[in-house]
Amino acid sequence: MLGNLPKPKYQSIIVCQKQTVDDIAGLIVYGIKQSIPQANKIKQYFKGDNTDETCRKIWSYLRHNIKYKAEPANLQTVKTLSRLFLHDKQGDCKHLATAAAAICISLGIPAKLRLVGFSNFDRDPKHIYCVAEKDGKQYVIDAEMKKYELINTN
């Protein structure tokens, strides 16, 4: 399956020394755009009989094949699919969300990223994950979660 991916370029680009949430969000958007052509080469392996099955396959692959490893707050990066799947095989929530969104988009499934925080005292989000939306349903693709979730919003 992964033999269809191009070799990663192994580039590390520091956007700025003290990154803001906006800097990191821009970096994630860039990572998704760079990953979509790579996702186009492997999307058939994630395609299910319906949106739910497809999103479940994406979640399952990320959950069981990419090790979660947090990055230091002062050095946030983005990874393309090639880098994440072929070389590093580990990443944090940004990397997992970038991969999920790129695969969904390549399959024609609308996807967005959801930033969340866990404290009333800290306004900066601490976690990000992919939400695919189709036919009034939200498919939560958060590989840090122990289970895949489908939310019916109708």
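The values are calculated or read from the model by the stated rules, or taken from the named source; none is laboratory data. As the structure is a computational prediction, the values presented were derived from the model and not from experiment. Here Cβ is always computed from backbone atoms with ideal geometry, including for glycine, and neighbour counts include all displayed protein chains. Surface accessibility is based on the protein's heavy atoms, side chains included, excluding ligands, DNA and RNA. Shrake-Rupley method; radii C 1.70, N 1.55, O 1.52, S 1.80 Å.
Just going by the charge dipole of the chain, with Lys and Arg at +1 and Asp and Glu at -1 on Cβ, which of Gly48, Pro110, Met1 is farthest out on the positive end?
Selected residue: Met1.
Collect residues whose amide H, placed 1.01 Å from N in the peptide plane, falls under 5 Å from the amide H of His127; neighbours closer than 5 in sequence don't count.
Val116
Given a cut-off of 26 Å, what percent of all Cα-Cα pairs of the chain lie beyond it?
Here the tail beyond 26 Å accounts for 22 percent of pairs.
Mind checking which lysines have their C-alpha under 22 Å from Lys137, skipping anything on the same chain fewer than 8 residues away?
Leaving aside lysines fewer than 8 places away in the same chain, those within reach of Lys137 are Lys43, Lys47, Lys57, Lys112, Lys146, Lys147.
What relative contact order, as a whole-number percentage, does the chain give when Cα pairs under 8 Å and 6 or more residues apart are counted?
It comes to 24 percent, rounded to a whole number.
Applying a 10 Å radius around every beta-carbon, put 40-48, 74-82 in order of their mean neighbour count, most first.
74-82, 40-48
Please list, ordered by chain and number, the residues whose modelled amide H lies under 5 Å from the amide H of Lys137; skip anything fewer than 5 residues away on the same chain.
Distant-sequence amide H within range of Lys137: Thr153.
Rounded to the nearest percent, how much of the accessible area of the chain (1.4 Å probe, protein heavy atoms only) is carbon and sulfur?
Whole-percent figure for carbon plus sulfur exposure: 50.
Sequence-distant or interchain residues sharing an amide H contact under 5 Å with Ala143, placed H: which?
none
For the chain, return all DSSP H helices satisfying: extent of Cα atoms along own axis at least 27 Å; mean Kyte-Doolittle hydropathy at least 0.0.
Membrane-span-like by this criterion, though nothing is claimed about a membrane: 21-42.
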